[in-house]
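One structure is given below, encoded as structure tokens.
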Amino acid sequence: MIAIIGLVVGVVLGLFLTPDVPLSLEPYLPIAVVAALDAVFGAFRAFLDGIFDDKVFVISFISNVLIAAMIVFLGDKLGVGAQLSTGVVVVLGIRIFSNVAAIRRHIFHA
Amino acid sequence: MSTGDPDTEPAERPDPVERSGMQRLRRSFFAPSRGQAVVAVLVGVLAFAAVTQVRLAGADDTYAGLREAELIQALNGLQAASRKAERDISDLEETRDQLRSSTQRRTTALEQAQQEVQTLGVLAGTVPASGPGIRITVNDPENQLSLNHLLDGIEELRNAGVEAVEINDRVRVIAQTSFEEDPEGVRVDGVVLKPPYIIDAIGNADTLSGALQFQDGFADDVELDSGSVEIKKADRIDVTVTRTPVPPRYAEAVPGQ
């Protein structure tokens, strides 16, 4: 319940504040969003599995975002930023798909 | 509850966990806890970032978010396109210049041809002509003027460089003009002309009048035939009679000469 309220508040804030993203952070934002999405789906799956722990969620959320950003940063420094961010997105996408499959099994029993 | 496809999704969940998962979801929906507050904050942050990124990606139609390599690629593409456009421009300009010069040549040829038509038209008598010249009035009250003398007069005019001649405003005298005797006067190109004969001649007035008035020339001949000649110089003589050109029946033009 509170989580849904937080989601709505975040969307509304984003829509109304229209924050300016610093240029140096711009390449990392999409990757960070995808990483956080992965953490949220993983947490939801853990919740349905009965092994949810809020500390684990906070740590996984933050570390996911930081590691994704770091990989992209490293890729930019190595000159393969575009390819590496594609790779990160693919890996996170696969994880999101498998988490959503588990959640679906819980909710729809299918 | 293994109604799902066991091939693609291996059944790894025991029934009690599954049931309790859904029940926990239902229960926690109405029972807030500290963990839920933490989750709410992080999910809010995620939503905020996602919305920002969506807005950014939607507005990002320039090259602002591109990496160095992508910018170089885009630049290369633009350079190739501009090189190609420049090549096209020079090709088209060449074509335009060619067309322009060919048009110019054609216009010049046309002008030359028109000038030639004018010149030949005056000579062949197909166009009216006007210019300085003389008006010769040959009085022949007794109708005794010899045709040969009249013809001599025309010949003298021709020798003096006359450019257009007409007689009595009725007959244009050209290269093919014929002169015959007639009881009433002379027959020029089949047209009977009666005296007095008024000859309009375009050319250098002094030369023309001199050609008719020398000793034993045309004027003296006419006076021998008991006639008289009046010559009047004018700045503007109009030769208005024209002839329709007759295509030659036997002679053929030799092309290329």
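In the calculated pair distance distribution of the protein assembly as shown, what percentage of Cα-Cα distances lie above 28 Å? The proportion of pairs with Cα distances above 28 Å equals 69 percent.
Shielding by partners for peptide A:10-18, expressed as the average number of C-beta atoms from other protein chains within 10 Å of each residue's C-beta, is 6. Place +1 on the Cβ of every Lys and Arg and -1 on the Cβ of every Asp and Glu in chain B, take the dipole about the Cα centre, and give the residue among B:I154, B:T95, B:P196 whose Cα lies farthest towards its positive end. Toward the positive end, the furthest listed residue is B:T95. Projecting the Cα atoms of A:L7, B:L56, B:L224 onto the dipole axis of the protein assembly as shown, where Lys and Arg carry +1 and Asp and Glu carry -1 at the beta carbon, places A:L7 farthest toward the positive end.
Mind checking the mean number of beta-carbon atoms from other chains within 10 Å of the Cβ atoms in A:41-48?
Working: counts 0, 0, 4, 3, 1, 1, 7, 8.
Taking all residues of A:41-48 together, the mean is 3.
The per residue volume of the convex hull around the alpha-carbon atoms of the stretch B:33-165 is 228 Å³. If I fit a long axis through the Cα atoms of helix A:54-78 and take the longest principal axis of the Cα atoms of chain A, what angle between them do I get, 0 to 90°, rounded to 10? Tilt relative to chain A: about 30 degrees.
Rounded, prolate or oblate for the stretch B:149-257? Axes are the square roots of the Cα gyration tensor eigenvalues, ordered a ≥ b ≥ c, and the cut-off for rounded is a/c under 1.5.
Taking the square roots of the gyration eigenvalues as a ≥ b ≥ c, the stretch B:149-257 is prolate.
About its Cα centre, the stretch B:171-257 has a charge dipole of approximately 520 debye under the convention of +1 per Lys or Arg Cβ and -1 per Asp or Glu Cβ, with nothing else charged.
Each Cα pair under 8 Å and six or more residues apart adds its sequence gap; the mean of these over the residue count of chain A is a relative contact order of 31 percent. Shape class of the stretch A:57-110 from the Cα gyration tensor (axes a ≥ b ≥ c, square roots of the eigenvalues): oblate, since a/c reaches 1.5 or more and a/b does not exceed b/c. What is the angle, in °, between the Cα long axis of helix B:147-159 and the longest principal axis of the Cα atoms in chain B? Nearest 10 is fine, range 0 to 90. On a 0 to 90 degree scale, this one is about 40. When the stretch A:24-108 is described by a simple charge dipole with +1 on each Lys and Arg Cβ and -1 on each Asp and Glu Cβ, the residue from A:L84, A:I94, A:H106 located farthest towards its positive end is A:H106. Each Lys and Arg adds +1 at its Cβ and each Asp and Glu adds -1 at its Cβ; summed about the Cα centre, the protein assembly as shown shows a dipole of about 4660 debye.
Between the Cα long axis of helix B:34-59 and the first principal axis of chain B there is an angle of about 10°, rounded to the nearest 10.
Within a straight-line Cα-Cα reach of under 22 Å, B:K233 cannot be paired with any lysines, leaving aside sequence neighbours fewer than 8 residues apart in one chain.
Per residue of peptide A:57-69, the mean number of Cβ atoms on other chains within 10 Å of the residue Cβ is 2.
Pull out a ≥ b ≥ c, the square roots of the eigenvalues of the alpha-carbon gyration tensor of chain B, then state rounded if a/c is under 1.5, prolate if not and a/b is larger than b/c, and oblate in the remaining case.
prolate
Taken about its Cα centre, chain B carries a charge dipole of roughly 3200 debye when the Cβ of each Lys and Arg holds +1 and the Cβ of each Asp and Glu holds -1.
Coordinate-derived values only; no laboratory data. None of the values given here were measured: they were computed from a predicted structure. No Cβ is skipped: glycine too gets one built from the backbone with ideal geometry, and neighbour counts run over all protein chains shown.
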